[in-house]
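Since every read-out is calculated from the coordinates, none of them should be taken as a lab result. Bear in mind the structure is a predicted one, so any value in this text is a computation, not a measurement. Note: ideal-geometry Cβ built from the backbone for every residue, glycine included; neighbour counts use all protein chains shown.
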Amino acid sequence: MHLFEAIPPDLFSVLASPNRVLYADALDVLYEAYGDNLKIPEGTYYMMLRSKLEKQLSQATFDDEDIYEDELRDISGRARFLIRKLASKGWFEKERGKDYRSFEEYLIVPGYSSRFLELFHELRDDSPMRGYSYVFGTYSTLTVARESGNDYEKMMAVYSAYDNTMALIKVLKTVYHNVKRYFQAQIEMRDVNQVLSTHFDDFGQRVIEAYIRPLKIKDSVPKYKIPIQTILNKWMEDEGVMRAMANAALQDKRQSSLEDCRAELLSKIFWVIERYESIERDYLDEIDKQVRRYTRATTQKLENLTNWDQNIRGNLNYLLTKLSEKKRSGELLEKIQPIFQLTEQSFLSDKSLWIRKRQTGRELKDPVEVVEEDISRDARERAEGLLSTPYGKRAVQEYMRQKFGTEETIFSKDMDLRNDRDYIMSLLAVLNGDDRDNFYRVEELDGTFHQGDYSIPQLKLTRREGK
C-alpha cells in the first residue's frame, strides 16, 4: 500500500501554507482535546481554539485562503474557519450526536491522524524523554511466564520479548544519532557558556541521564542478558514447550497453521538471543565511543575558547575562524599564504589536514640488459615430464578433441562420465576453458548434469574458429 492510499492526499497541505504555524498550533490543541475527551464536542474544540490561540488568530492573515468574509471579521469566525479547514483536509471527521433534539456534532479522529498528532506533540515537547525499561521488562515478562507454567503466557512472553528488543534497538539507534547531532552542533559554537549549557543541560539530561545511564545501571543489558538467554534457550530446547506455545499461538490466530506458528516462535526466539549476544558490541560499545569522542571534543573546545589568546592551538583556531568568515575577500589568505599552505574545505575531519602527494614524471634510466641463461637438461626433462602426465594440459587437450570429434558444439551429456578419470578430465577441461590457447570455449548453463555417481554443471562447449 502506498502512503497516500492510507491517508488523504491533502492531509499535509495545511503544514505547507503561509499559516502553517497557526495550523500546527491548532493541531496541538486538537491533540489536547483528544487526550482529555473520549468524545470531542465541536463546541469544546471551538472554545479551546479561541482561548488558547486568541492572539495568533487575531494577527493571522488569510490571503489566498478559502475563508468566507463573515469568518474573517472576528476571532470566532476565524476559529470556525480553522475547524472547517482541518476537517476538509482529513484531520478529523464530524458525527452528529444520537440525541435527535440536539444539533451537537462531535469530532472523530482517525487512527492515522491520532498517530501524527502524537508525533507532532512529542516533537514540540522540550522536556527530556526517558528511555523505557525494555531490558528489565523483557526479563520480568519471561520470568513471570516461566514461573506460572501457563503456555499462553509463555507464548505472549516470547512476542513481548521480541517487541521489547525491537524497541530497545530503536532507542539505541536514536541515542547514537543524537550524539552525532550534538557533536556536529558543537562545531558552530563560539561561546563558552553555550558549550557548557549544551553539554551539561541538553546532552547531559537528554542523552546521558535519559538513556545511557539507565542502560548502564538500572536497565543494564549485561545484568539481564544471561537470564533472558537462559530462559529462551530452555524453552527452545524443550519440544513439548514449543508445541504447547505453538498451539496457543494458533488459537490466538497468530498464523494459519501449527507449523507456521512454531516456525515464527522459533525465529523470534533466535532473533532475541542473537541480538542480546551482539548488542554490547554492535550498539553499546559504538555509543560509548561516540560519547568519549564528544566529551574529548567538548573539553578541547572549552580549552580553546578560554585560552585561545594564550597558546598556539587557540591562535590557530582563531585564525581558521577568521579565514572562514573572510574567505570571499581573500585579503587575509593572501597575507598568510607565504607561511601556510591551506586548502579550502567545506568541513573538517580527521583526514582533512594533509596535502596530496604530487605526481612526478619518471626519469629515463639506462636500459638493463637481460641475460638469458641456458636451461639445464635436467630442468627441461622435468618440464617435459609434467606436460606428458596423465592429467597434464596436453592430455586434457587430447581428451577433449576425442569428445568433440567432428562436432562444433557439445554439452555435459556428451562428456560420458564412466569413471574417475572421465570425471577429473571434465573438471580440468572446465578449469582450462578460459585459456586462449585452448581450441574450445566453455559456457556454464543453469542446472546440474548427473550420470551415475558423478555430477558436473550443465555446460556448453564450443569449438573456437580456426582450431
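Quick check on the exposure proxy: order HIS2, HIS121, HIS177 from fewest to most C-beta atoms within 10 angstrom.
Fewest-to-most Cβ neighbours within 10 Å comes out as HIS2, HIS177, HIS121.
What distance in nm separates the two pseudo spin-label positions at LEU15 and THR61, each 7 Å out from Cα along the beta-carbon direction?
The two pseudo-label positions are separated by 2.5 nm.
Using a cut-off of under 17 Å, list every residue of segment 395-424 whose amide N is near the label point 7 Å from the Cα of THR448 along the Cα-to-beta-carbon line.
Answer for segment 395-424: 412-413, 417, 423-424.
With r defined as the distance between the Cβ atoms of TYR112 and SER278 and R0 fixed at 35 Å, what FRET efficiency is calculated, to the nearest 0.05?
With a Förster radius of 35 Å, E is 0.50.
If you take the beta carbon distance between GLU104 and ALA167 as r and set R0 to 30 Å, what does 1/(1 + (r/R0)^6) give as a FRET efficiency, to the nearest 0.05?
0.15
Given 37 °C and 0.692 mPa s, compute D for segment 3-124 with the Stokes-Einstein relation, Rh being the Kirkwood radius over Cα pairs; round to the nearest whole µm²/s.
Diffusion coefficient, whole number: 220 µm²/s.
Once the piece of chain linking GLN229 and LYS94 is laid out straight, how much longer is it, given 0.36 nm per residue of separation minus the C-alpha distance between them?
43.6 nm
On a C-alpha basis, how far is the centre of segment 154-181 from the centre of segment 425-445 in Å? Whole number, if you could?
What the calculation gives is 53 Å, centre to centre.
In what order do TRP271, TRP91 fall by count of nearby beta-carbon atoms within 10 Å, going from fewest to most?
By the 10 Å Cβ count, ascending, the order reads TRP271, TRP91.
Could you give the length gained by full extension between ASP435 and ARG293, i.e. 0.36 nm per residue of separation minus their alpha carbon distance, to one decimal place?
Extending this stretch completely gives an extra 45.7 nm.
First measure r as the distance between the Cβ atoms of TYR46 and LYS335, then evaluate 1/(1 + (r/R0)^6) with R0 = 56 Å and state the FRET efficiency to the nearest 0.05.
So the FRET efficiency works out to roughly 0.25.
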